[in-house]
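Engineer: Below you will find the structure I want to go over with you.
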């Protein structure tokens, strides 16, 4: 690289120009061009690098650390509160003993619109600190806390329920910049009663069998679970599962022998899984779930899957619904279990419908091969636990037919 002046000499005239670059053969030793080559000769002292000892800094850097935590509780005269009922949230934010003194801890509490916040206040109840601002009247609460070590701030939120029952609320604290919080799992806290109405669902593949007596034919049994996660009863409970959409891409798969069974609900006898004008798994009216109650149903079908399609992973969710006191509630199924509720009463997430992982079908890895035509009820043979027998076995056996669930014993 050339510069305008090097030690007062214009570099345009070649003050630092090398005829032979690195990698070329040097001229005859002793010649005027012996030191040619860009920077690869010790004689070019203008490019010499002289290393220096590393610089050290002592006593000028402070690493701040604090395990902030938050805890929230709720009180109301009637649990859950009626329309217009008073609701009070109490939030405690702690900076523990031995931690760094902190400035600018962010406290956030976005109270949902189902609660009308009349007022909120923030005070330092233990130790030394400050809330900025220290009060307000809006649902969107965002304030900064200054807390010395072993100090606590208390936030009181007073509000009124705008609909009956639902008052879930989540609050969080965030550490200031350049502060290490060794455990951030305790930086949020949600509380509340069960929602006035709510529904959750799960779907799983109970069994996937390949019928070796019918080329490329599979028998699928799917479980759908529906739960009332609220504190009010649900009527006209139903579920929709579109088998044609589940297995329709890539094209070429053929679904047949679709049936729905349940000991908890009245099923839709005309369900065929094609997603057409009658996609519901259950009867339109008459199915109910009391608060905290759950029920299940099973969907069984055959599907012919060409070899070219068997390596695909097919994913689908079921949708469930029910009528509650304040209207229709819905949910999309979660694969395997109702993780979106955590069980009745668990509102720490404040989102009872946050999980809806689709249920997968893989005809190349999840399948169990069985020749149904060879199964003889007199032979003492058995099939894996969880296999459901019904009309699918009826068409395959010429003599003895056995219906049931699980392992057959002679």
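Engineer: For the peptides 98-111, 148-161, what is the packing order when you average, over each peptide's residues, the other Cβ atoms within 10 Å and list the highest mean first?
Structural biologist: 148-161, 98-111
Engineer: Additional query: Tell me, what is the FRET efficiency for residue 293 and residue 245 to the nearest 0.05, using R0 = 25 angstrom and their Cβ-Cβ distance as r? Each step should come with its number before you reach the end.
Structural biologist: Values: r = 29 Å, r/R0 = 1.17.
Computed FRET efficiency for residue 293 and residue 245 comes out at 0.30.
Engineer: Calculated FRET efficiency, residue 319 and residue 108, Cβ-Cβ r, R0 56 Å, to nearest 0.05?
Structural biologist: 0.95
Engineer: Describe numerically, in nm with one decimal, the distance between label points set 7 Å from Cα along Cα→Cβ at residue 236 and at residue 57.
Structural biologist: 6.8
Engineer: Give me the one-decimal nm value for the distance between modelled label points at residue 101 and residue 216, 7 Å along each residue's Cα-to-Cβ direction.
Structural biologist: Label at residue 101, label at residue 216, 7.7 nm between them.
Engineer: Another question about this same structure. If the chain between residue 150 and residue 132 were fully stretched, how many nm would it gain, using 0.36 nm times the residue separation less the Cα-Cα distance?
Structural biologist: Difference between extended and current length: 4.6 nm.
Engineer: Separation between the residue 326 and residue 118 pseudo-spin-labels, each 7 Å from Cα along Cα→Cβ, expressed in nm?
Structural biologist: Computed distance between label sites residue 326 and residue 118 equals 2.0 nm.
Engineer: If you don't mind, there's one more thing I want to ask. What is the ratio of the Cα radius of gyration of the range 64-191 to 2.2 N^0.38 Å, with N the residue count, to two decimals?
Structural biologist: Computed over Cα atoms of the range 64-191, the ratio equals 1.07.
Engineer: Here's another thing I want to ask about it. Give me the orientation-averaged projected area of the Cα convex hull of the range 199-368, in nm², one decimal. Write out the running numbers ahead of the final one.
Structural biologist: Working: hull surface 39.9 nm².
Taking a quarter of the hull surface, the average projection is 10.0 nm².
Engineer: So between residue 64 and residue 278, what do we pick up on full extension, going 0.36 nm a residue minus the alpha carbon distance?
Structural biologist: 70.8 nm
Engineer: Here's another thing I want to ask about it. Calculate the FRET efficiency for residue 362 and residue 186 from the Cβ-Cβ distance with a Förster distance of 45 Å, rounded to the nearest 0.05.
Structural biologist: Working from the Cβ atoms, E equals 0.70.
Engineer: Could you give the C-alpha radius of gyration of the range 217-298 expressed as a fraction of 2.2 N^0.38 Å, taking N as the number of residues it contains? Walk me through the intermediate numbers first.
Structural biologist: Details: Rg = 14.1 Å, N = 82, 2.2 N^0.38 = 11.7 Å.
After normalising by residue count via 2.2 N^0.38 Å, the value is 1.20.
No value in this document is a laboratory result; all are computed from the given coordinates. Treat the numbers as computed from the prediction; the structure is a model and nothing was measured. Don't worry about glycine lacking a Cβ; one is built from the backbone with ideal geometry, like all the others, and counts go over all protein chains shown.
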